[in-house]
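The values are calculated or read from the model by the stated rules, or taken from the named source; none is laboratory data. This one's a predicted model, so the numbers in the text were calculated from it and none came from an experiment. No Cβ is skipped: glycine too gets one built from the backbone with ideal geometry, and neighbour counts run over all protein chains shown. Please note that ligands, DNA and RNA were not included when accessible areas were found on the heavy atoms of the full protein model with its side chains. Shrake-Rupley method; radii C 1.70, N 1.55, O 1.52, S 1.80 Å.
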Amino acid sequence: KPEFNIKNSLVLSAVNREAELLDTIEQFSVLDIDNTVFTKIDESSSLGVLLNTQLQNRAPLSCLTNGQRVPEDFLEIDRETVSRLIIPPTEGSVS
């Protein structure tokens, strides 16, 4: 029996409301989800939903997309990149 290295990704739209995203995560929690992908970050007015939903999601965030072109619009991410998307450097600063 051949073994395949297949990962299950839960793909969520960043334009959905937080309650809808959390409901989707809950519904898919019965499956063995390896990671989460957020799409349409370019269409979302606030990316705080990424943080809020990931705090309640056991599957780590693996990538983001910011456009219609695949694979060109997939973003490589790390903690710093995601944190800058959620809270841009100009927000929260005291002047």
* Structure fact -> Of the residues in the stretch 52-80, those that are modelled with pLDDT of 90 or more and among the β-branched types (Val, Ile, Thr) come to 53, 65, 77
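Each row is one residue, and each column tells you yes or no for (1) part of a loop (DSSP other than H, G, I, E, B); (2) under 17 Å from residue 83 (Cα atoms); (3) open to solvent by 50 Å² or more (accessible area, probe 1.4 Å).
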| residue | (1), (2), (3) |
| --- | --- |
| 4 | yes, no, yes |
| 7 | yes, no, yes |
| 10 | no, no, no |
| 19 | no, no, yes |
| 24 | no, no, no |
| 32 | yes, no, yes |
| 38 | no, yes, no |
| 50 | no, yes, no |
| 63 | no, yes, no |
* Asked: Within the set of pairs 6 or more residues apart or between chains, which connect a residue that is under 19 Å from residue 88 (Cβ atoms) inside the stretch 32-57 to a residue that is in a loop (DSSP other than H, G, I, E, B) and among the basic types (Lys, Arg) with Cβ atoms less than 9 Å apart?
  -> 49/17
* Asked: Pick from 59, 19: which is in contact with a strand residue (DSSP E or B) (Cβ under 7 Å, 6 or more places away or on another chain) and of a type in the set (Gly, Ala, Ser)?
  -> 59
* To do: Filter the stretch 23-61 for residues that are more than 12 Å from the chain's Cα centre (by Cα) and of a type in the set (A, V, I, L, M, F, W, C) and give the result.
  => 28, 30, 31, 33
